[in-house]
Amino acid sequence: EACATRGGIGGMSNDPSLISVLWRSYCANTDSLLKMIDCFLVYFLMVAAVQVVYCVVFGSYPFNAFLAGFMSSIGMFVLTVSLRSQVNPANSSDFENEGTNKPISKERAFAEWLVCTLVLHLTVINFIG
(Lines give C-alpha, C1' and ligand atoms only; values in the text may rest on other atoms or scores of the structure.)
Protein backbone atom coordinates (compact mmCIF):
# COMPACT_ATOMS: atom_id res chain seq x y z
CA GLU A 1 0.00 0.00 0.00
CA ALA A 2 1.30 3.42 -0.94
CA CYS A 3 0.39 4.94 2.40
CA ALA A 4 2.47 2.39 4.27
CA THR A 5 5.71 3.14 2.42
CA ARG A 6 8.53 4.64 4.38
CA GLY A 7 9.58 8.13 3.49
CA GLY A 8 6.28 9.28 2.00
CA ILE A 9 5.75 10.00 -1.67
CA GLY A 10 8.59 9.00 -3.96
CA GLY A 11 10.96 8.34 -1.08
CA MET A 12 10.75 11.84 0.35
CA SER A 13 12.36 12.13 3.75
CA ASN A 14 10.80 13.78 6.76
CA ASP A 15 10.74 17.27 5.27
CA PRO A 16 7.66 19.27 6.25
CA SER A 17 6.66 20.17 2.70
CA LEU A 18 3.02 20.76 1.95
CA ILE A 19 2.69 17.66 -0.25
CA SER A 20 4.12 15.33 2.37
CA VAL A 21 1.91 16.84 5.08
CA LEU A 22 -1.18 16.43 2.88
CA TRP A 23 -0.20 12.86 1.97
CA ARG A 24 0.31 11.87 5.62
CA SER A 25 -3.00 13.47 6.58
CA TYR A 26 -4.76 11.66 3.72
CA CYS A 27 -3.25 8.32 4.74
CA ALA A 28 -4.08 8.77 8.40
CA ASN A 29 -7.58 10.25 8.15
CA THR A 30 -9.18 8.77 5.03
CA ASP A 31 -11.33 5.66 5.19
CA SER A 32 -10.19 2.67 3.11
CA LEU A 33 -13.43 2.76 1.06
CA LEU A 34 -12.72 6.36 0.08
CA LYS A 35 -9.13 5.45 -0.80
CA MET A 36 -10.41 2.70 -3.09
CA ILE A 37 -12.82 5.14 -4.76
CA ASP A 38 -9.94 7.59 -5.17
CA CYS A 39 -7.95 4.88 -6.97
CA PHE A 40 -10.85 4.46 -9.40
CA LEU A 41 -10.91 8.23 -9.93
CA VAL A 42 -7.21 8.28 -10.79
CA TYR A 43 -7.74 5.34 -13.15
CA PHE A 44 -10.58 7.10 -15.00
CA LEU A 45 -8.48 10.25 -15.42
CA MET A 46 -5.52 8.22 -16.70
CA VAL A 47 -7.72 6.41 -19.24
CA ALA A 48 -9.09 9.75 -20.48
CA ALA A 49 -5.57 11.18 -20.75
CA VAL A 50 -4.33 8.13 -22.69
CA GLN A 51 -7.26 8.46 -25.09
CA VAL A 52 -6.52 12.14 -25.71
CA VAL A 53 -2.80 11.44 -26.28
CA TYR A 54 -3.67 8.60 -28.66
CA CYS A 55 -6.06 10.90 -30.54
CA VAL A 56 -3.40 13.61 -30.86
CA VAL A 57 -0.60 11.25 -31.90
CA PHE A 58 -2.41 8.76 -34.14
CA GLY A 59 -5.50 10.65 -35.28
CA SER A 60 -9.10 10.51 -34.28
CA TYR A 61 -10.59 8.23 -36.93
CA PRO A 62 -13.31 7.13 -36.20
CA PHE A 63 -14.14 10.25 -34.23
CA ASN A 64 -17.34 8.80 -32.74
CA ALA A 65 -15.32 6.04 -31.08
CA PHE A 66 -12.94 8.57 -29.56
CA LEU A 67 -15.79 10.74 -28.30
CA ALA A 68 -17.63 7.74 -26.87
CA GLY A 69 -14.54 6.50 -25.04
CA PHE A 70 -13.67 9.93 -23.72
CA MET A 71 -17.28 10.57 -22.71
CA SER A 72 -17.32 7.22 -20.90
CA SER A 73 -14.13 7.98 -18.98
CA ILE A 74 -15.13 11.48 -17.94
CA GLY A 75 -18.70 10.40 -17.21
CA MET A 76 -17.49 7.60 -14.95
CA PHE A 77 -15.18 10.08 -13.22
CA VAL A 78 -18.07 12.47 -12.53
CA LEU A 79 -20.39 9.69 -11.33
CA THR A 80 -17.68 8.25 -9.08
CA VAL A 81 -17.00 11.69 -7.56
CA SER A 82 -20.69 11.82 -6.75
CA LEU A 83 -20.50 8.36 -5.17
CA ARG A 84 -17.48 9.43 -3.13
CA SER A 85 -19.25 12.51 -1.82
CA GLN A 86 -22.31 10.45 -0.84
CA VAL A 87 -20.40 7.73 1.06
CA ASN A 88 -18.05 10.17 2.79
CA PRO A 89 -19.07 10.31 6.47
CA ALA A 90 -18.12 14.00 6.62
CA ASN A 91 -20.90 14.76 4.10
CA SER A 92 -23.62 12.66 5.71
CA SER A 93 -25.70 15.71 6.67
CA ASP A 94 -25.76 16.89 3.04
CA PHE A 95 -27.33 13.66 1.74
CA GLU A 96 -30.42 12.75 3.76
CA ASN A 97 -33.49 10.70 2.93
CA GLU A 98 -36.59 12.76 2.30
CA GLY A 99 -38.94 12.77 5.26
CA THR A 100 -36.30 11.59 7.72
CA ASN A 101 -33.13 13.06 9.08
CA LYS A 102 -31.16 9.88 8.43
CA PRO A 103 -28.31 9.97 5.90
CA ILE A 104 -28.64 7.73 2.87
CA SER A 105 -26.96 4.36 3.20
CA LYS A 106 -23.82 3.36 1.36
CA GLU A 107 -25.81 0.60 -0.33
CA ARG A 108 -28.34 3.09 -1.72
CA ALA A 109 -25.57 5.38 -2.94
CA PHE A 110 -23.91 2.42 -4.68
CA ALA A 111 -27.22 1.31 -6.23
CA GLU A 112 -27.80 4.82 -7.58
CA TRP A 113 -24.24 4.84 -8.96
CA LEU A 114 -24.88 1.50 -10.70
CA VAL A 115 -28.09 2.75 -12.32
CA CYS A 116 -26.39 5.94 -13.49
CA THR A 117 -23.41 4.03 -14.93
CA LEU A 118 -25.82 1.74 -16.76
CA VAL A 119 -27.54 4.78 -18.33
CA LEU A 120 -24.14 6.30 -19.16
CA HIS A 121 -22.89 3.15 -20.88
CA LEU A 122 -26.13 2.68 -22.81
CA THR A 123 -25.68 6.26 -24.05
CA VAL A 124 -22.06 5.57 -24.99
CA ILE A 125 -22.97 2.39 -26.85
CA ASN A 126 -25.74 4.25 -28.69
CA PHE A 127 -23.31 7.05 -29.58
CA ILE A 128 -20.77 4.65 -31.11
CA GLY A 129 -23.29 3.72 -33.70
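The values are calculated or read from the model by the stated rules, or taken from the named source; none is laboratory data. Just so you know, these numbers come straight off a predicted model, no measurement behind them. Counting neighbours? That spans all protein chains shown, and the Cβs are built from the backbone with ideal geometry, glycine included. When the accessible area is computed, the model is the full protein with side chains, heavy atoms only, and any ligands, DNA or RNA have been set aside. Shrake-Rupley method; radii C 1.70, N 1.55, O 1.52, S 1.80 Å.
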Residue in the range 52-68 that is open to solvent by less than 80 Å² (accessible area, probe 1.4 Å) and among the β-branched types (Val, Ile, Thr) present: yes
Failed criterion for residue 84 (all others in (1) closer than 27 Å to residue 3 by Cα; (2) among the basic types (Lys, Arg); (3) free of Cβ contacts under 8 Å to residues at least 24 places away in the same chain hold): (3)
Positions within the range 75-129 being small (Gly, Ala, Ser), part of a loop (DSSP other than H, G, I, E, B), open to solvent by 60 Å² or more (accessible area, probe 1.4 Å) and on the phi < 0 side of the Ramachandran plot, in sequence order: 93
